[in-house]
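Down below is the structure, laid out as structure tokens.
The values are calculated or read from the model by the stated rules, or taken from the named source; none is laboratory data. The structure displayed is predicted, hence computed values, not measured ones. Counting neighbours? That spans all protein chains shown, and the Cβs are built from the backbone with ideal geometry, glycine included.
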Amino acid sequence: MANPQDSLSREHGGIPWKHVIGYILSIVLTALALWVTFETGFSTRTILIIIFIFAFLQAALQLLMFMHMTESSEKNNTLTGKTQTGNILFAAFIAIVIVAGSVWVMGAGHAKHDHHKMEMDHDMKMDGDMKMDHGDHK
Amino acid sequence: MKWDEFFVTGDPLIYGADVSIGLTVIGILFYLTYFKKWQWLWREWLTTVDHKKLGIMYIASAVLMLFRGGVDALLMRVQLATPDSKFLDAQHYNEIFTTHGTIMIIFMAMPFLIGLINVVIPLQIGARDVAFPYLNAVSFWTFFIGAMLFNISFVIGGSPSAGWTSYMPLAGNELSPGPGQNYYLLGLQIAGIGTLLTGINFLVTILKMRAPGMTLFKMPMFTWSALITMIIIVFAFPILTVALALMTFDRLFGAHFFTLQGAGMDMLWANLFWLWGHPEVYIVVLPAFGMFSEIISTFSRKVLFGYKAMVWAMVIIAGYSFLVWVHHFFTMGQGELVNSVFSITTMIIGIPTGIKIFNWLFTMYKGKISFTTPMLWSLGFIVNFVIGGVTGVMLAMAAADYQYHNTYFLVAHFHYVLIAGTVFSCFAGLIFWYPKMFGYKLNEAIGKWVFWVFNIGFNVCFIPQFILGLDGMPRRVYTYSAASGWGGLNMLSTVGGFLMGIAFLILAYNFYYSFRYSERENTGDSWGLGRTLEWATTSAVPPHYNFAVTPTVTAMDPLIQMKRDKQDVKPKIEDIKKIHMPDNSGVPFFMASFFFVAGFGLVFEWYWMGIVGLIGVFITLIIRSFDKNEGYYVSEEEIKETERLTV
Amino acid sequence: MAHAEVHDHNTPLEYQSETGRLNILGFWVFLGAEIALFSTLFATYLVLMYRTADGPTPHELFELKGVLIETFLLLTSSFTCGIAIHEMRRRNRKGLFIWMIITLALGAGFLGYEIYEFVTYVHEGAALGTSAFWSGFFVIVGTHGLHVTMGIAWITLILIQVARRGLTPQTSAKVFISSLYWHFLDVVWIFIFTAVYLTGMVLHNG
């Protein structure tokens, strides 16, 4: 766990390297995401997986290098840093449940067939049993 | 808009209510003016940031809302008592079941629990107040204003009538025109702000403000349950905030999230609603478990059995409660894979709760039990809650749920969970900590009458509903034919409902009777069996700074340890030091009032008014930001005088 | 309230008061709630992804150049905001002001582009009420934009307080908290960039 005292003494004077490195990495990750999306010709699914991994990496960069997430407010007591980190990790878990859960549940079974043009369904590939349900069209 | 569209007209029941509301308001204004209480009201209550007073206001509001929600329930029961009844029409019945559900969950159960948490938790962890006392006042006032906004729908503009779940497209503009549904959206939105702030506040309070020596695994069980509840609040309430906002956009600004036109998806509302709604179930039941744990342990004179198992069971629920939401709409048709997965997760979540039942039973085993009223409610809880739990597992089976779904079987199930869990715990906790709030106990003999009448009424009301549900009676129907054969059981259920109503009246009488005649307590440990720090105060009702000297904790159940060590709770005179306390503030009250203006404007789509209200809210935020709010010090002399310490 | 003040010169100012420490932790918890809030908006957007009804598709309207400029502006502002806090920890009030004002300027530039983008879409026939997809788009991107607007106003108010009262444990805790908020807005934007724009373009390219 980083201590505010350490980070302070390390960055006393001089150039805040931590921030500079974080910034450069963010730019690089953004550029890479663009490249993967438009230049590689990977399948839709692969592109989505890769760019979301990049997004999570970049979020982690911000949290660790810019936001001092693991820093504790009291000397010799890492509880605050641990709480902050745990809080964000739990939030990430909830975020994945909400997003992936909703997309999965709303894209499955009858839900995906309701009264709208859904010609792009095949690309979603979110749900393995899609093809089974195609007989249910009303 | 004409005045007769603005006010709800035409129904004698509502005129009656108008008159009684008017008389009550006049009565209160007269009382405050005649006895010159305005200043007292402002100084002691409207501007307070004291967690104990805010807690009392939460509980008082919740009891009021219990009355309103209860009257709704009885009106429904009167309508359903006989077949083809003409007592209420369909629209009126729809409005009443909508307001009954919404009020009971959002404006009764949650504030009741949050009120008890407010009163007890800072004392229980040996703190002077919460981490953010000002924010705590904001929480209360936004909740209160949200509740008031929702409640006036009934005389101004018309009540919402799309059910407390407000499924789309029923809740959309086409099928629910007018301001009713907007009241639901805005009232819940404003109250939700308060709840979220409470979540943040108590999470930080419990993590950072505990007395020295109270490690996480020495925390009382009620504190643990509150901590887990707050985590769930922090992560679940934003989902509701968004869902409500999206529906507001649909209704007010022509967006197409859940509409049938514009390729909107009505089922997405159900999905988002229950993504919040299921964690919400744990928000209202975990604090109940915490309170029962305290009460059972206290009156069995035994340490809680399986403390660690209980803690871990709750920690798991914090995350797991977010993984079962689909069981609320198995019949919506998301296919057998999704349903199977959520069927299994739902059955598994019964396990941590089952563990707790055994913990309570083993805590009582070989204990020397005192059958006080809080203990009676706790015992009643165990028996009745098991019925709710077992029927819950039945409903968890997706295939079988197609039979139970939207029948009275479901209605009976969740009333067994919510009444036997939440309401019983509110009564138990209120009676248990009543001397902490007011300095005297509620009368035990009258309290036992309340318990028995309520319990018998409760079972007479809801057992028949299980059978009616299995017979196929759907929920939310305003009447049924004589040929259905449901008349007898419905009449029985109504009789049970009225018994619960009578029990509530006896409870109200008990408030009055005990205020007049109960013996005043003169120690902090009113029941004589206290185990935790809230009973280790020097007086029955703790002073505003709670503890003259912050206690040091060496063991779980710190007061029991102090009693063993023959240690006096009275502080030593040389330990007294000045105490820093936060200032009172009227800003939260005004902020909430501006929220009311904004909310009311948006309900009627008077956007100028909504904008005025929101500008007011921002002004109060800026005033607060520039305020130095340094607080003040309570002097040593004042503390010594309060604690009756002489040199 | 426990009022143990830390008087260690190495401890950053914002952690020196009990209130500052509590407020910072409380704000982290609030950010957790914000994550849940934005997740719900992302879920909504992704579920409604193909529901463009008779309106335009994102493929027809999304323009990479504008999005990249917005991304670059916000990313850089997050960096300069970090430098501002670095300067604050060196007790350099002037540095804090310079870097914070650069941050706000970049934020305002971002907002300008976003408003321009919205206006263009509306002209091209995609508004809040066009279809479920565009409702989802405008509300998620708009909510973020609203956050940025509030962030600019809030940080300005705090800078006024710093100018008046100097760098105290109270004001520096406020600056630190507002910086957390600003960085967080960049985190959200990373996901908007990925889930709204890139995903929208990838899936509708099909």
Return the residues of segment C:94-133 that are exposed (fewer than 15 other Cβ atoms within 10 Å of the Cβ), within 24 Å of the chain's Cα centre (by Cα) and of a type outside the set (A, V, I, L, M, F, W, C); say none if nothing qualifies. C:LYS94, C:GLY112, C:TYR116, C:THR120
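I'm trying to understand the selection: among the residues of segment C:157-194, which are more than 14 Å from chain A (Cβ to nearest Cβ) and of a type in the set (Gly, Ala, Ser)?
Listed by number, the residues that qualify are C:ALA163, C:GLY166.
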With respect to B:LEU418, determine if the residue is farther than 20 Å from B:ILE355 by Cβ, surrounded by fewer than 24 Cβ atoms within 10 Å (Cβ to Cβ), among the hydrophobic types (A, V, I, L, M, F, W, C) and touching a Leu at 6+ places or on another chain (Cβ under 7 Å). no
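For segment B:343-359, check the following and say yes or no: at least one residue is aromatic (Phe, Trp, Tyr), farther than 15 Å from B:ALA288 by Cβ and out of contact with any Leu (no Cβ under 7 Å at 6 or more places or on another chain). First the steps, then the outcome.
We begin by selecting, within segment B:343-359, every residue aromatic (Phe, Trp, Tyr); these are B:358.
Within this subset, residues satisfying the condition of being farther than 15 Å from B:ALA288 by Cβ are B:358.
Cutting the leftovers down to out of contact with any Leu (no Cβ under 7 Å at 6 or more places or on another chain) gives us B:358.
Within segment B:343-359 (the criterion being aromatic (Phe, Trp, Tyr), farther than 15 Å from B:ALA288 by Cβ and out of contact with any Leu (no Cβ under 7 Å at 6 or more places or on another chain)), the answer is yes, since at least one residue qualifies.
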Please work out which residue is farthest from B:TYR434 (Cα to Cα), limiting yourself to segment B:527-541 and to residues that are surrounded by fewer than 20 Cβ atoms within 10 Å (Cβ to Cβ) and in contact with a Gly (Cβ under 9 Å, 6 or more places away or on another chain). B:THR538
Output the number of the condition that B:PRO212 fails; it satisfies all remaining conditions of (1) under 29 Å from B:LEU170 (Cα atoms); (2) touching a residue at least 24 places away in the same chain (Cβ under 8 Å); (3) within 11 Å of chain C (Cβ to nearest Cβ). (1)
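Being crowded, with 19+ Cβ neighbours inside 10 Å and in a helix (DSSP H, G or I): is that true of B:TRP274 here?
Yes; evaluated as a whole, the condition is true for this residue.
Could you count how many residues in segment B:152-167 are out of contact with any strand residue (DSSP E or B) (no Cβ under 9 Å at 6 or more places or on another chain), assigned to a loop (DSSP other than H, G, I, E, B) and either at pLDDT below 90 or surrounded by fewer than 24 Cβ atoms within 10 Å (Cβ to Cβ) (or both)? Break it down into steps so the answer makes sense when it comes.
Of segment B:152-167, the ones out of contact with any strand residue (DSSP E or B) (no Cβ under 9 Å at 6 or more places or on another chain) are B:152-154, B:158-167.
So of that shortlist, the ones also assigned to a loop (DSSP other than H, G, I, E, B) come out as B:153-154, B:158-167.
Then keep just the ones that are either at pLDDT below 90 or surrounded by fewer than 24 Cβ atoms within 10 Å (Cβ to Cβ) (or both); that gives B:154, B:158, B:162-165, B:167.
Count: 7.
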When you go through (1) buried (at least 21 other Cβ atoms within 10 Å of the Cβ); (2) in contact (Cβ under 8 Å) with a residue 40 or more places away in the chain; (3) within 12 Å of chain C (Cβ to nearest Cβ); (4) in a helix (DSSP H, G or I) one by one for B:GLU294, which number turns out not to apply? (3)
Checking the structure you have, find out if any residue of segment C:29-40 is hydroxyl-bearing (Ser, Thr, Tyr), more than 30 Å from C:SER172 (Cβ to Cβ) and at the interface with another protein chain (Cβ under 7 Å from one of its Cβ atoms). yes
Is it the case that segment C:147-163 has a residue that's more than 23 Å from the chain's Cα centre (by Cα) and of a type outside the set (Gly, Ala, Ser)? no
Give just the number: which of (1) surrounded by fewer than 22 Cβ atoms within 10 Å (Cβ to Cβ); (2) touching a Leu at 6+ places or on another chain (Cβ under 9 Å) does C:LEU74 not satisfy? (1)
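Is it true that C:GLY166 is in contact (Cβ under 8 Å) with a residue 40 or more places away in the chain, within 16 Å of the chain's Cα centre (by Cα) and within 18 Å of C:ILE98 (Cα to Cα)? Steps first, please.
Numbers: in contact (Cβ under 8 Å) with a residue 40 or more places away in the chain: yes; within 16 Å of the chain's Cα centre (by Cα): no; within 18 Å of C:ILE98 (Cα to Cα): yes.
Here the answer is no, as C:GLY166 does not meet what is asked.
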Residue that is farthest from C:GLU70 (Cα to Cα) [pool: residues in segment C:117-140 that are among the hydrophobic types (A, V, I, L, M, F, W, C) and more than 13 Å from chain B (Cβ to nearest Cβ)]: C:VAL122
Which condition number in (1) closer than 28 Å to A:GLY107 by Cα; (2) within 14 Å of chain B (Cβ to nearest Cβ) is the one that C:ASN23 fails? (1)
Output the number of the condition that C:GLU18 fails; it satisfies all remaining conditions of (1) more than 8 Å from every other protein chain (Cβ to nearest Cβ); (2) over 30 Å from B:ASN546 (Cα atoms). (2)
Could you list, in sequence order, the residues of segment B:329-341 that are at pLDDT 90 or above and either assigned to a loop (DSSP other than H, G, I, E, B) or within 27 Å of the chain's Cα centre (by Cα) (or both)? B:PHE329
Can you tell me how many residues in segment A:39-63 are in a helix (DSSP H, G or I), more than 8 Å from chain C (Cβ to nearest Cβ) and either in contact (Cβ under 8 Å) with a residue 40 or more places away in the chain or under 28 Å from C:GLU63 (Cβ atoms) (or both)? 9
Among (1) outside any loop (DSSP other than H, G, I, E, B); (2) within 14 Å of chain B (Cβ to nearest Cβ); (3) not β-branched (Val, Ile, Thr) - the single one C:GLU70 does not satisfy: (2)
In segment C:145-180, what count of residues is obtained for those that are in contact with an Asp or Glu (Cβ under 9 Å, 6 or more places away or on another chain), of a type in the set (A, V, I, L, M) and farther than 18 Å from C:HIS86 by Cα? 1
Suppose we keep only residues that are crowded, with 18+ Cβ neighbours inside 10 Å and not polar (S, T, N, Q) within segment B:514-526. Which one would you say is nearest to B:LEU54 (Cα to Cα)? B:GLY524
Condition set charged (D, E, K, R) and assigned to a loop (DSSP other than H, G, I, E, B), scope segment C:34-66, selection farthest from C:PHE193 (Cα to Cα): answer is C:ASP54
Residue satisfying all of: in segment A:80-120; within 19 Å of B:GLU336 (Cα to Cα) and either at pLDDT below 50 or surrounded by fewer than 16 Cβ atoms within 10 Å (Cβ to Cβ) (or both); nearest to the other protein chains (Cβ to nearest Cβ) among these: A:HIS110
Filtering segment B:1-34 for residues that are outside any helix (DSSP H, G or I) and at pLDDT 85 or above leaves a count of 0
